[in-house]
1. For residues that are acidic (Asp, Glu) and closer than 17 Å to Thr160 by Cα, scanning just the stretch 106-140, find the one that is surrounded by the fewest Cβ atoms within 10 Å (Cβ to Cβ).
2. One residue is enough: does the stretch 61-69 have a residue meeting the conditions in contact (Cβ under 8 Å) with a residue 60 or more places away in the chain, small (Gly, Ala, Ser) and surrounded by fewer than 19 Cβ atoms within 10 Å (Cβ to Cβ)?
Amino acid sequence: MSVDFGQIRRNEHLPARIAAQIGSDIQEGRLKPGDKLPTEHFLAKSLGVSRSVVREAIAQLRNEGLVETRQGVGAFVTERQSRTIRIDEGELFKRDSFRDLFQLRIPLEIEAAGLAAVHYKEADLERIDEALARMTGSEKWTDEGIDADLAFHRAIAEATGNDYFALFIGFIAERISLAIAAARARVELEEIVNVTIDEHVVVRNAIASRNPKAAREAMRAHLLGAASRVDLTLETY
C-alpha cells in the first residue's frame, strides 16, 4: 500500500489541526507568554468540535512545551526559553522525515512497554484499559478511535514511571496520528481497525501479566505492523 502524503494533510485529524493553529498564534506572537488560552468549553463551541478534541489539542501543545496547564485554572502560554521540542508540521509531509520520526518511535515505545510491565500501578492499567475500551467501542469507526489509540500509547508511557517517556512518546504519537488517519483512509476500515485492536490487546495483556519480554515483543510487532500499513520500511535488528 502506497500512501499519498498530500492525502495525509487533507485527512489530518482535528486535534493536530487545532494545535497547529494555536501553535502558529503563539509562534507569531498573537498569543504571548503568560496569556491564558480560552476555556475548553469556549474553544469547543467556537470551533464546532467536542471538548475531548480540544483536550487532545492542548495535550499536544503541552508536549511541545508551548503551553503549561494549571489544575483548575487553565492553560497558559509558556516563556519562550522554557519551550522544549518543536517539529515543523510541514516537514512530516515529506516521506523521509515522516519515516525518520516513525523510526525513532520504535526503540522508545518498545522500551516503554517493557518498563510499563515492570512498574505499572493499578491506576496505570485502568487508564490503559479505558483507552482500549474506547478503541473497541462505537468510537472505533471515528476520529475518536484515533484519539483513543493515542491515549493508549500515552498511558503505557506514563506507566513506565519515567516522565521523559511520557513527554517524548506523547510528542511523537501526536504526529504519528497522521499515519493512523492515512491508513484508515487507504484500506478497508473494518479490516485495519480490527487488526489494530487485536495488536493492542496483545500489548495490554503482556503488560498486565508483568512480562516485560512479552510486552516488548508485542509492542515491536504492533509498531512494525503499523508501519507496514502506511508502506514504511524500517530498520530493526
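Only the coordinates and a few stated rules stand behind these numbers; no lab work does. Please read these numbers as outputs of a predicted model, since none were measured by experiment. Neighbour counts are summed over all protein chains in view; Cβ atoms, including those assigned to glycine, are modelled from backbone coordinates with ideal geometry.
1. The first filter runs over the stretch 106-140 and keeps only residues acidic (Asp, Glu), leaving 109, 111, 122, 124, 126, 129-130, 139.
Still in the running and closer than 17 Å to Thr160 by Cα: 109, 111, 122, 124, 126, 129.
Working: Glu109: 25, Glu111: 17, Glu122: 7, Asp124: 19, Glu126: 12, Asp129: 14.
In this case the residue turns out to be Glu122.
2. no
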